[in-house]
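The values are calculated or read from the model by the stated rules, or taken from the named source; none is laboratory data. Quick caveat: nothing in here was measured; it's all calculated off a predicted structure. No Cβ is skipped: glycine too gets one built from the backbone with ideal geometry, and neighbour counts run over all protein chains shown. Keep in mind that these areas ignore ligands, DNA and RNA; they rest on the heavy atoms of the full protein, side chains included. Shrake-Rupley method; radii C 1.70, N 1.55, O 1.52, S 1.80 Å.
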Amino acid sequence: MKILPSESLIAFNQRIENSMRSEIRSAVQQGNAHSRRQYMMEKADRDKRREENVHKKQEDSVKPDLNSSGSKIAEKATTSKLLRPTQKQRKTEFETITSQGPKRLNDIVTAPPDLSTLTKGKGLKSEAGIGVGLFGKKDIIPPEQRRMMEIEREKAVKRYRELKEKREQNKATSRTKRLTA
């Protein structure tokens, strides 16, 4: 096949795919049929070998045995020896899961975690009056630095509140402008 005059590459590719589609489909079907035949032959061989092994085990398990009185008794084959390898008792999923992994997946969080266990029996100050943090350590920040930090914190809060007020005022003025316009 050759590209026709004034035919675009896209149209040429589509024409080739359409003309070869039936050949490709038949080749895929033949390949699938061949693989199915191979699988069935292998499965038949495995089943045949498995049957032979089961018969050998049954013959080995039924042997004459002498009991205490001296008479011969045929030993009965147990059901576990007659089971095929695919019929053996398998472990279930709950037997393989360890308790080290997460218990539940995809839980939805509705609230932050409660840290009451960390602070149980401890406050910001203990009964003796010594400064104790949340995790039981002594506050190491000197008083002068603590005062400076409190002042900076108050300044930041004040700036935030002013900014919030300005935003509210801007919203209010923009609303009034829209209503008057």
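Kindly indicate whether Ile24 is at pLDDT 90 or above and of a type in the set (Val, Ile, Thr). So Ile24 does not fit the description; no.
Of all residues in region 41-70, none that is surrounded by 10 or more Cβ atoms within 10 Å (Cβ to Cβ) has its Cβ atom under 9 Å from the Cβ atom of a residue that is hydrophobic (A, V, I, L, M, F, W, C) and modelled with pLDDT of 85 or more, 6 or more apart or on another chain. Among residues of region 1-40 being of a type in the set (Gly, Ala, Ser) and not in a helix (DSSP H, G or I), the one that is least open to solvent (accessible area, probe 1.4 Å) is Ser8.
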